[in-house]
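Working notes, beginning with the structure itself.
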Amino acid sequence: MNDLEQRVKALETKVKVLEETLETLKNMSLSEQMGSFIQSRQKSLRMVELLNSVSDDEKLDFDKERETLNNVRAAKNTVDAQISQALRNVGTFSDDFPDDPRYFNYEVETGMTTNSLWKRQEKNPALERFAGKGLRITAYNGFETNRVIIPREINGQPVISIGEKAFMNATISEVILPKSIKAILGEAFSGCKNLKKIDLPETLEYMGSFCFAKSGLTELAFPNALKNIPSFCCNDCGEMETISIGRQVNKIEYMAFSGCRKIRSVTLPESLSEIGSEAFGGTSITTIIFPSGMNKVDKEVFKEGYSSYSRNQRNVVCVFLGKDTTIDGRLANVSLIYCLPGSKIQQAARQYSIPIKPLSEFRMEVNDKPCVPCQGSTDIGQ
């Protein structure tokens, strides 16, 4: 048997192994499928890399080897399709999946972050309580460009945070986090233009500035444990269409969603008390309802700022449910305010010459039916 025949026979054997693996997957639980998939996919990737190392001239000389190469690639694609279906069935957190920590750099959580002005590490009061209680992922060195599964623990220690710039500008399209994650630090996923999906666990308590800025995310749900949405959080996420804000968020900071041009609406929770400058600048929001507990709305909340996707957002209708909400100047790009008689907003609107109407006159089409928001509620439709 010559060298070519040996290589072809070896490849055909590997294709058969992959086919048997697919058949085995059908009879496994989803968690077992995940474990089997990781091993099979790594094998198939190594096979393709091996074949790709053969020169084009050699490939042209061996029709049978080229055919076998196509079979290997087809088998790999079938395995990928199997695991995609398994992931959709299992969910989106990594706790049910086998750990593979080899491609991650990590360190013990220090409770410190980088001071952007002085470029030095400083204690972060929001993270200090996590110091020494788990690991921080600092970088990803793997070959995967589609789905990255972050391990729930490494060497017996839980993974509790994603470090600054850990995945910055990575070409990944999906990230699956463990439920142990407590913090995502500044710029962790910024510039990930291919990133389409990430689910934040309910354990998440802290997010740093720019954590998802200029990413390709189309939707994001902020968990209920989170108290603060940081500045530039999703700045310039031009494909972002839907955001869901957790029930305990009390502050949305400067330019958090500025430049998210496809966001047309947002429901603000009753817990919210303050919104910073340009937080929703450059979005497509036309009507927004501020909850009764709001203390302050920055006058430039809808200002367009410096976002890449800034647009002329000049006709926002604001509905204020509370009596004590204040503004510090004329609301930029706001065309009309609905508010309660005698409220501070009514006084401010008159002072800054903003058109006003009584809250009782507000109507909004919901499911083809007129709707009046209940005082103290921002949930349109109640």
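Each row is one residue, and each column tells you yes or no for (1) over 14 Å from ASN105 (Cβ atoms); (2) in a loop (DSSP other than H, G, I, E, B); (3) in contact (Cβ under 8 Å) with a residue 40 or more places away in the chain; (4) more than 13 Å from the chain's Cα centre (by Cα).
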position: LYS133; (1), (2), (3), (4): yes, yes, no, yes
position: ILE137; (1), (2), (3), (4): no, no, no, yes
position: PHE143; (1), (2), (3), (4): yes, yes, yes, yes
position: VAL159; (1), (2), (3), (4): no, no, yes, yes
position: ILE176; (1), (2), (3), (4): yes, no, yes, no
position: PRO201; (1), (2), (3), (4): yes, yes, yes, no
position: SER215; (1), (2), (3), (4): yes, yes, no, no
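Return the residue satisfying two criteria in turn: it lies in the stretch 260-305 and is in contact with a Cys (Cβ under 9 Å, 6 or more places away or on another chain), free of Cβ contacts under 8 Å to residues at least 40 places away in the same chain and outside any loop (DSSP other than H, G, I, E, B), and of such residues it is nearest to LEU359 (Cα to Cα).
The extreme case among them is ILE288.
Looking at (1) over 18 Å from LEU268 (Cβ atoms); (2) assigned to a loop (DSSP other than H, G, I, E, B), can you tell me which one ALA349 breaks?
Exception for ALA349: condition (2).
What's the total number of residues in the stretch 312-346 that are assigned to a helix (DSSP H, G or I) and among the hydrophobic types (A, V, I, L, M, F, W, C)? Reasoning before the result, please.
The first filter runs over the stretch 312-346 and keeps only residues assigned to a helix (DSSP H, G or I), leaving 344-346.
In the following step, the residues that additionally are among the hydrophobic types (A, V, I, L, M, F, W, C) were identified as 345.
Residues that pass the stated criteria total 1.
As an exercise: evaluate ARG330 against (1) among the basic types (Lys, Arg); (2) under 23 Å from the mean Cα position of the chain (by Cα); (3) at pLDDT below 90 and give the number of the one condition it does not meet.
(2)
So, in the stretch 183-199, exactly how many residues are within 16 Å of ILE229 (Cβ to Cβ) and over 11 Å from the mean Cα position of the chain (by Cα)?
The number of residues fulfilling the criteria is 4.
Could you please tell me which pairs satisfy a Cβ distance under 6 Å, a separation of 6+ or placement on different chains, a first residue in the stretch 247-259 that is closer than 10 Å to GLU274 by Cα, and a second residue that is of a type in the set (Lys, Arg)?
Hits for this filter: ASN250/LYS227.
Go through the stretch 181-207 and report how many residues are polar (S, T, N, Q) and closer than 19 Å to SER244 by Cα.
1
Among (1) surrounded by 18 or more Cβ atoms within 10 Å (Cβ to Cβ); (2) farther than 26 Å from LYS193 by Cβ; (3) hydroxyl-bearing (Ser, Thr, Tyr), where does TYR254 come up short?
(2)
The values are calculated or read from the model by the stated rules, or taken from the named source; none is laboratory data. Note that the structure is predicted; figures quoted are calculated from it, not measured. Positions of Cβ are backbone-derived with ideal geometry, glycine not excepted, and every protein chain shown enters the neighbour counts.
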